[in-house]
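Trainee: I have a structure here, written as structure tokens, and I will follow up with some questions on it.
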Amino acid sequence: MATHNDLGKQGETLAKAFLEASGYEILDENWVFGKAEIDLIAYKNKVIIFTEVKARSGTGFGLPEDFVDTRKQNLLAQAADEYIYLMNHNGEVRFDIISVLFNRNNTHTIKHIEDAFWPSAT
């Protein structure tokens, strides 16, 4: 497995632990629909939270959250629509980003951006 894939998996593991420690229930991990994959689907206070996790080892090309572009947001929205339909969820939903930035000594910082975006209609 490539190093960037290892970093991504490690970021997702840290993000999941962070959410659980913050009182979120994890409903699904790496949920796939069509060309989209939702990293974490969480639930808290009757809200389903679709979470994109981005992990990077540096900021030379931008912050991790900068890599969730409009195309990615719309793919996530399509997958979220299907998930909402399958779960028959009639409540609120939210799209979050969890940014994991690793330092050279393999320590990390986590930034949870709640309500990070609202995808345009597809």
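What follows is calculated from the coordinates using simple rules that are stated; it is not laboratory data. These numbers were taken from a predicted model, which means no experiment stands behind them. FYI the Cβ positions are ideal-geometry reconstructions off the backbone, even for glycines, and counts take in every protein chain you see.
Trainee: Looking at the range 1-65, which trypsin sites (Lys or Arg not before Pro) are DSSP coil and have at most 12 other C-beta atoms within 10 Å of their C-beta? Let's see the in-between values first.
Mentor: Values: sites: Lys9, Lys16, Lys35, Lys44, Lys46, Lys54, Arg56; in loops: Lys35, Lys46.
Here the trypsin sites (Lys or Arg not before Pro) that fit, given the DSSP loop and packing criteria, are Lys35, Lys46.
Trainee: While we're on this one: With 10 angstrom as the radius, rank Glu29, Glu20 by how many other C-beta atoms surround their C-beta, starting from the fewest.
Mentor: On the way: Glu29 17, Glu20 12.
Listed from fewest to most nearby Cβ atoms, that is Glu20, Glu29.
Trainee: Next question. If you keep only loop residues by DSSP, which chymotrypsin sites (Phe, Trp or Tyr not before Pro) in the range 38-122 have at most 12 other Cβ atoms within 10 Å of their Cβ? Could the numbers behind the result be given before it?
Mentor: On the way: sites: Tyr43, Phe50, Phe61, Phe67, Tyr83, Tyr85, Phe95, Phe102, Phe117; in loops: Phe61, Phe117.
Taking the range 38-122 and a limit of 12 other Cβ atoms within 10 Å, the loop chymotrypsin sites (Phe, Trp or Tyr not before Pro) found are Phe61.
Trainee: Using alpha carbons only, how many degrees (0 to 90, rounded to 10) separate the axis of helix 70-87 from the longest principal axis of the chain?
Mentor: That works out to roughly 50 degrees.
Trainee: Which residue, chosen from Leu40, His89, Gly11, occupies the Cα position most advanced towards the positive end of the dipole of the range 3-113, where the dipole is computed from +1 (Lys, Arg) and -1 (Asp, Glu) charges on Cβ about the Cα centre?
Mentor: Gly11
Trainee: Sticking with this structure for a sec: Would you mind telling me the antiparallel percentage of the DSSP bridges in the chain, rounded to 5? Numbers along the way, then the final one.
Mentor: Working: 18 of 28 bridges.
Taking every DSSP beta bridge with both residues in the chain, the antiparallel ones total about 65 percent.
Trainee: Still on this model: Using the Cα atoms of the chain, I'd like the radius of gyration and the largest Cα-Cα distance, Dmax, both in angstrom.
Mentor: Calculated on Cα positions, Rg and Dmax stand at 14.1, 45 Å.
Trainee: Using unit Cβ charges (K, R positive; D, E negative) and no other charged atoms, how large, in debye to the nearest 20, is the dipole of the range 72-122 about its Cα centre?
Mentor: Details: 4 positive and 6 negative charges, 72 e Å.
That gives the range 72-122 a dipole magnitude of about 340 debye.
Trainee: Moving to a separate point now. Just grab the label-to-label distance for Glu37 and Leu63, each label 7 Å out from Cα along the Cβ direction, in nm (one decimal).
Mentor: Taking the two extended label points, one gets 2.5 nm.
Trainee: Show that you can apply the helix-only estimate: for the chain, add -39,500 (n - 2.57) for every DSSP H stretch of four or more residues, divide by all residues, and state [θ] at 222 nm to the nearest 500.
Mentor: On the way: 2 runs with 37 residues, N = 122.
That calculation yields -10500 deg cm²/dmol at 222 nm.
Trainee: For the chain, with only Lys/Arg (+1) and Asp/Glu (-1) charged at the beta-carbon, what is the dipole magnitude about the Cα centre, in debye rounded to 20?
Mentor: Values: 12 positive and 18 negative charges, 63 e Å.
Roughly 300 debye for the chain.
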